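Trainee: Before I ask anything, here is the structure I am working with.
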Amino acid sequence: MKDIHIAIGCLALGLNLLAFAWGAVAWFRKTASEWFWRLLRAGQVMVVLECALGGILLLMGKKASDLHYLYGVLPIVVAVIAEQLKISAATQILDARELETGAQVGQLPQEEQRAIVIAIVRREIGVMTLSALVVTALLARAAMVIH
């Protein structure tokens, strides 16, 4: 079970690192990336699985340092906070342009509509890319403080 925990941890770390790199490129290029979202979600799933396996190991009497538990659980907290910031991205962009609804965006010239959509997508990717970086750092730290 411990070996599975380590393997899933390595996979979670790798997927989050890859999501960070892919997201950073997409953010700089100002493009949407379906692969970024796939990598990010796969990394998030692996983090949840990793925490569940860690919990099972703990219930089985296997002990690690308190810092290992902290660094193992914090990635979930970071992901939840990042998701909330991502959800607010559209509101922030619309508020900055003094628009209250999506219907108002639809009344703008097509070029402005496109600029708003790109700004929203870019902000969402930026937030989630940074969260993938933080999660990667936390997972790496968790691996360093097992005992």
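Trainee: So GLY106 fits all but one of (1) on the phi < 0 side of the Ramachandran plot; (2) modelled with pLDDT of 90 or more; what number is the exception?
Mentor: It fails just one condition, (2).
Trainee: For the range 103-132, enumerate the residues that are under 30 Å from ALA64 (Cβ atoms) and surrounded by fewer than 18 Cβ atoms within 10 Å (Cβ to Cβ). Explain how you work it out, then say what you get.
Mentor: From the range 103-132, those under 30 Å from ALA64 (Cβ atoms) are 128-132; that's our starting set.
Scanning the range 103-132 gives a single hit, LEU130.
Trainee: Also, I was wondering about something else. Residue by residue through the range 20-58, note down the ones that are in contact with a helix residue (DSSP H, G or I) (Cβ under 7 Å, 6 or more places away or on another chain), surrounded by fewer than 19 Cβ atoms within 10 Å (Cβ to Cβ) and aromatic (Phe, Trp, Tyr).
Mentor: TRP35
Trainee: Condition check: assigned to a helix (DSSP H, G or I) and either in contact with a helix residue (DSSP H, G or I) (Cβ under 7 Å, 6 or more places away or on another chain) or buried (at least 18 other Cβ atoms within 10 Å of the Cβ) (or both). Does ALA12 satisfy that? Let's see the steps before the verdict.
Mentor: Values: assigned to a helix (DSSP H, G or I): yes; either in contact with a helix residue (DSSP H, G or I) (Cβ under 7 Å, 6 or more places away or on another chain) or buried (at least 18 other Cβ atoms within 10 Å of the Cβ) (or both): yes.
In short, yes.
Trainee: From the residues in the range 59-76 that are exposed (fewer than 13 other Cβ atoms within 10 Å of the Cβ) and free of Cβ contacts under 8 Å to residues at least 24 places away in the same chain, which one is nearest to the chain's Cα centre (by Cα)?
Mentor: Out of the qualifying residues, it is ASP66.
Let's see how each residue does on (1) more than 24 Å from LEU17 (Cβ to Cβ); (2) in contact with an Asp or Glu (Cβ under 9 Å, 6 or more places away or on another chain):
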| position | (1), (2) |
| --- | --- |
| LEU67 | no, no |
| VAL77 | no, no |
| GLN84 | no, no |
| LEU94 | yes, yes |
| SER131 | no, yes |
| THR136 | no, no |
| ALA143 | no, no |
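Trainee: Still on this model: Hey, among LEU85, LEU59, which residue is among the aliphatic types (A, V, I, L, M) and farther than 22 Å from VAL25 by Cα?
Mentor: On the way: LEU85 fails: farther than 22 Å from VAL25 by Cα.
Just one listed residue meets the conditions, LEU59.
Trainee: Moving on to the next point. Please return the ranges of helices (runs of 4 or more DSSP H) entirely within the range 84-147 where 1 or more residues are touching a residue at least 40 places away in the same chain (Cβ under 8 Å) and of a type in the set (Gly, Ala, Ser). Steps first, please.
Mentor: Details: elements: 89-96, 102-106, 110-144.
Counting at least 1 such residues, we get 110-144.
The values are calculated or read from the model by the stated rules, or taken from the named source; none is laboratory data. Everything numeric in this text was worked out from a predicted model, so none of it was measured. So basically every Cβ, Gly included, is an ideal-geometry build from the backbone, and we count neighbours across all protein chains shown.
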